[in-house]
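Here's the structure we're looking at; comments come further down.
The values are calculated or read from the model by the stated rules, or taken from the named source; none is laboratory data. Not measured: the values here are computed from a predicted model. Quick reminder, even Gly has a Cβ in these numbers, built from the backbone with ideal geometry, and neighbours come from all protein chains shown.
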Amino acid sequence: MGYTTHVTGEFAITPPLTWPEFKDSRFAPDNVKNSYDPSLILRISEDSVDTDEGPLLKRTATALVMRDIDEYRAYDLIDEVQSAIDAFPGHAFTGRLECEGEENTDLWRVIIRDGRAVKVEPRIVWPDEDSSPTVEQLERARRIAVALEQENAQLADENAELKAANDPQLRCLLVKPAADKDMYVGWSTVCDAPTGVWSRAAASEHGFPISRLNRADENGSSAMGGYRAGHWDDTGFVAEQRGWLKRERLGDYAVEYLHGDRQAAYRLLEPFEGETEVRS
């Protein structure tokens, strides 16, 4: 028998993968035929969307998670995580895997740094009881403490992002219509429609991670990685397949739409290229 490792944790995927993107992937649950390979699979979320022809079931992949495998051997875990990242360019993977081997001291993590899966191991530091610390040692300890504080803050952000990615009420793109206005619009990339309008304080209280709000402040939206939907240089959105919504009209559109005056909202749309009217 080989050396086994217990692995927990997951990587949230932003934005979630669409059905055409993952349906043929080896990581899609429906395509897994082997008891051990792959050891990672996509978590699938299903949402019902109303259309003119009736309810439509949309499937998206929101996270990369470990399968429940007895006596798992993590020899190729890092390569497999990297394979999943490489398979879906334009999507950001955030989170970590916690790994614990059979030996008490065998603890490590798999994290993502600059698009690469990296193994991180803890370091054991023995206290020096024979002498007082030097100035250099104190400065080194200060730098380590600052680095640990930054890493803890990053892990807190990643945990908040993971929680939000698994909460249907928070699983949306967060867009800031104007840089000088305290307004954030939730935009569903599944329904192509607004899900809510908040101030920064209200969005935080609603459960959106601070890191997501910060990205919206800096870039125009919470999109990350190679995904740039809603950024300041983005021109707009497809709205329910009815027409084109210019970015500068997003705030007014969301308010009218969510207040129930859909016709007033639709009047803010423009016809698609080659068409003369907004679709009904």
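Here are a few things to note about the model shown:
Residue-wise test of (1) without any contact (Cβ under 8 Å) to a residue 12 or more places away in the chain; (2) of a type outside the set (S, T, N, Q).
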residue	(1), (2)
204	yes, no
209	no, yes
224	no, yes
245	no, yes
264	yes, yes
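- Those strands (runs of 3 or more DSSP E) lying entirely in the range 20-117 with at least 2 residues over 27 Å from residue 4 (Cα atoms): 40-51, 54-66
- Looking across the range 63-122, the residues that are among the aliphatic types (A, V, I, L, M) and within 21 Å of residue 20 (Cα to Cα) come down to 63, 64, 65, 81, 84, 85, 87, 92.
- When 248, 218, 256 are checked against the criterion of being under 23 Å from residue 95 (Cα atoms) and assigned to a helix (DSSP H, G or I), a single residue qualifies: 218.
- Positions within the range 46-64 being among the polar types (S, T, N, Q) and surrounded by fewer than 18 Cβ atoms within 10 Å (Cβ to Cβ), in sequence order: 48, 51
- Residue match in the range 152-169 (condition: under 27 Å from residue 260 (Cβ atoms), crowded, with 16+ Cβ neighbours inside 10 Å and not assigned by TED's automatic domain parsing to the domain that holds residue 252): yes
- Any hit, the range 171-191, residues being in contact with an Asp or Glu (Cβ under 6 Å, 6 or more places away or on another chain) and assigned by TED's automatic domain parsing to the domain that holds residue 262: yes
- Residues in the range 221-241 that are part of a strand (DSSP E or B) and closer than 17 Å to residue 164 by Cβ: 221 alone.
- Meets criteria (closer than 30 Å to residue 87 by Cβ, in a helix (DSSP H, G or I), modelled with pLDDT under 95 and of a type outside the set (A, V, I, L, M, F, W, C)) for residue 204: no
- Output for the range 13-25, where each listed residue is without any contact (Cβ under 8 Å) to a residue 40 or more places away in the chain and surrounded by 13 or more Cβ atoms within 10 Å (Cβ to Cβ): 23
- Residues that are over 13 Å from the mean Cα position of the chain (by Cα) and either among the small types (Gly, Ala, Ser) or at pLDDT below 75 (or both), drawn from the range 156-177: 156
- Selection status of residue 146, of a type in the set (A, V, I, L, M), loosely packed, with under 11 Cβ neighbours inside 10 Å and closer than 29 Å to residue 210 by Cα: yes
- From the list 109, 116, the lone residue that is in contact (Cβ under 8 Å) with a residue 12 or more places away in the chain, touching a Lys or Arg at 6+ places or on another chain (Cβ under 7 Å) and surrounded by fewer than 18 Cβ atoms within 10 Å (Cβ to Cβ) is 109.
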